[in-house]
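Have a look at the structure below, then the notes.
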Amino acid sequence: MKRISSLLCLFSLVGTLVLGLTAAAQNTDMPRVMVVIDESIDNNAATARKVAGKIEKALMEKGYRIVDSRQFSEVRARDVAAADATKAKELGRRFGAELIIAGGAQANFGGEKEVYGTKMNEYTADGEAKLIFTDTGEILALASASSKKSTQGKAQAASKSLEEVGDALAGDLMAKIDAKMKEMKEKPIIVELILQGVTDASLVKIESELPSKLGMVEKMKLRYMEGGSASFDIVVKGSLDELRKAFSGMQEYTVVGASGNRLDVSTKTSGIKKASTIMSSALEITEFKVENIFPAQFVYYSKNPIGAVTLENTGKTDIKNIKAKIFIPNYMTFASEQIIPLLKAGEKKTFEVSATLDKEKLQAVSENTIAQIKTEISYNQGGEEKIRSITKPVTIYSKNSISWNKPGHVGAFVTYKDAAVENFSRNVVGAVKFDQNVYPNASRNMQNAMKIWDAVRAFSINYVTDPWVVAEGDVLDEIQFPRQTLAKKAGDCDDSSILLAACLENLGVRTMLIGTSDHIFIMFDTGVNKKNASRVSLNEREYVILENTVWIPLETTIINKPFSEAWRMGAEGYYKTADVKGKMDIIDVRKSWEMSPPSNLASDEKIAATPDPKEIEKLLTADAQALVAANNQMVTEKVAYLKAQKTEQSSNEAAVILANAGKYDEAIATLTTYTSAAAKNNLGNIYLLKGDSLNAYKNYTAAITADGNDGGINLNLGLLKYLGGDHSGTVESFASAVSKFPTQEQAYAELGIDNIVAEMGQTRAAEKTAVVDKGELQSLLFSALQDLQTRRDARTASRQVRRGENKFLFGGRRGIDPTALANIKDFLYWKI
């Protein structure tokens, strides 16, 4: 970019070129050109400058100013042509040249020949030249030519051949310069503007006002600051001289220097300075990019990039231990620093930068705010500390803002550990009673979800929409933190979804947020394995299977309506979008925390007391009754259909549905005529649920005899043994169940063991009185999975001990506590 800007600036100087000017009428605004051509005849240096003279003449006719060759008599063209950008700039400054034409030409004797009886000497000449821009070392044009001349005298032939090469090179170079001028004439140029006497504050004002005051300035980009001076790259429609004149006509500025593509200007506030305070440096900040800031992501920014700084080492030596700082006044207590160990000579690298923001200051950001972010680099050169810096504006959005371009960042708003959320959730779950007899198929997660829904419903939260806003390319939405929604008792779909997710996650219930093109709703994990999905609903389009468990979508726009309506609308909304493969982001809340941890910026909000538990219980009971009524209707219709099929498979399906509906005797009657492993296993489950441990045991053992390869039957037997207090037998059966699958992973998926462990690992204080000790059962599961071979040996010994016993472990036909059964039924394996 720098080379292009310098080039454009050069051609702006010749934009007003008038063809036909002579050397006597050279334009003082035209560039000075230094022509260095190494010329030789028969490998001997020629001092007549035949080629160089032709090129200089052509340049003078175009109006260029020529550097007197006597000033650089010791400079060789081959050295100039091989020079890098630094050497070219040095030569330009030394001799006052903005352009250098460097090359070589040589004439060599080709022999004698006779032409019409006259003896002639022939010379062949070849030449090449480069047009170099001294400010950058860029080669603007290349030209080459050759010639062959014959005369009676050798000197004359050599001279004429060189002169012809000179004419050809001059013509070619001039044509290419003219073409470049024509190409660039209508394009804007890039100028380096040095502003002296500025501060961070005044710089912001200048950046916002200068383009409007100077119509020719199309764009400004701050490169860096050093001391009280700032360096800009500015895009200008016009020439450097026109820009200089424009600044000269402004009272608040004084032009103090202009050269090449650089203009030095002093602000009146700091007084006129005779020379720029910015000196050349080997290390440059070529680019500084920074994202607009979302306060809720402050934890994310401390570990992830907030922007990037591009550094270039233009020097000839490596630079070590570069210190890079990022600081936002008023929003950071300390600058974030990092050390860049090495930047090699000529190397250009981009480094990502992070920032540790001040949480307390961000809590006060209630609307979009413009702040200044400063990056500063420092290093030691020759015992002297060198510093470069750039300050640029950055937008800090409202603390409630989010861009749905990055949906995973929504996790920052799900503040499940907020005291307000925890108190609300725990008070509801602890104080609100759920009658298991009303809705026996409700899993623990389902019960808690219904309690939270009806508690929020009793809170009477009003649905209020907020519009999406487009700001600087970001599509912004406003999301309330859960505490804010509880305090304001108002919010839209995303606010109520976030509140529900936070409350459920506080209770250990996994949640996901579902984002469509214009809507957000929630989905929660019932904890029921997919094998038992019919216990949740007989309608497969009322739930979603994810990671082997059943999930229920809830439509949160109707937060004041019954749970059953929210479930129905949520499921309809999910499948309406899924069926047409529409846009749908499924955001796992827990995974989103890995990217954006919860960031509570609303800790000062005060919320009202939790609604009366009795009021919540009324809503909860009505919801449970409505769900059971709807399910009973489906059960009746589905069972009638299956019985009409009169097959063993349909009978097994009907029996499972009846058992899950609590109609145990009808379920048993449906299977009594069958003796297959599936029928016996399912009968064992039904008897277990009925509390008849002896018949459950008989049917499980009969099922294992009929099919010894199905580990699911062993899992059921293990659960029965656990309920009877036989812990070693439980471990034996669990290990046997897993051993019958090719891999543990497959066993987990098919048997639901992974979900059993997860369920048992989330025991809450409110459930400590349950007869099933889930922590203990979890330990037994893990023990069973540790060493299957060891368990096989233990099983043999155990059988030998029990072989002489003639008693049943469970103490009678009705030995299973009903409370324990309620907690174990989700783990059962049904065989169809």
Exercise for the section: Could you grab the relative contact order for segment 547-632? Cα pairs under 8 Å, six or more apart, rounded to a whole percent. Expected result: 27
Completion exercise
Extension length gain for LEU142 and ASP358 (0.36 nm per residue less Cα distance), in nm, is 72.0 nm
Fill in the blank from the handout: Once normalised by the length of segment 289-380, the mean sequence separation of its alpha carbon contacts under 8 Å that are 6 or more apart gives a contact order in percent of 38
Problem - Extension reserve of the LYS119-THR705 stretch, reckoned as 0.36 nm per residue once the Cα distance is removed - result: 198.8 nm
Handout entry: Length added when fully stretched, TYR641-ARG590, from 0.36 nm per residue minus Cα-Cα
Key = 14.2 nm
Problem - Loop-resident sites, segment 333-403, for trypsin sites (Lys or Arg not before Pro), counting at most 13 other Cβ within 10 Å (DSSP) - result: LYS344
Fill in the blank from the handout: segment 129-269: antiparallel bridges as % of DSSP beta bridges, rounded to 5, reads 85
Handout entry: Per DSSP, loop chymotrypsin sites (Phe, Trp or Tyr not before Pro) in segment 313-387 with at most 13 further Cβ within 10 Å
Key = PHE334
Fill in the blank from the handout: segment 632-740: relative contact order from alpha carbon pairs under 8 Å, six or more residues apart, as a whole percent, is 16
Problem - Qualifying trypsin sites (Lys or Arg not before Pro) in segment 182-256, DSSP loop, other Cβ atoms within 10 Å at most 12 - result: LYS185
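Where a number appears in this text, it was derived from the coordinates with a stated rule and is not lab data. Given the structure is predicted, the values throughout are model-derived calculations rather than measurements. Glycine gets a Cβ as well: all are built from the backbone with ideal geometry, and neighbour counts include every protein chain shown.
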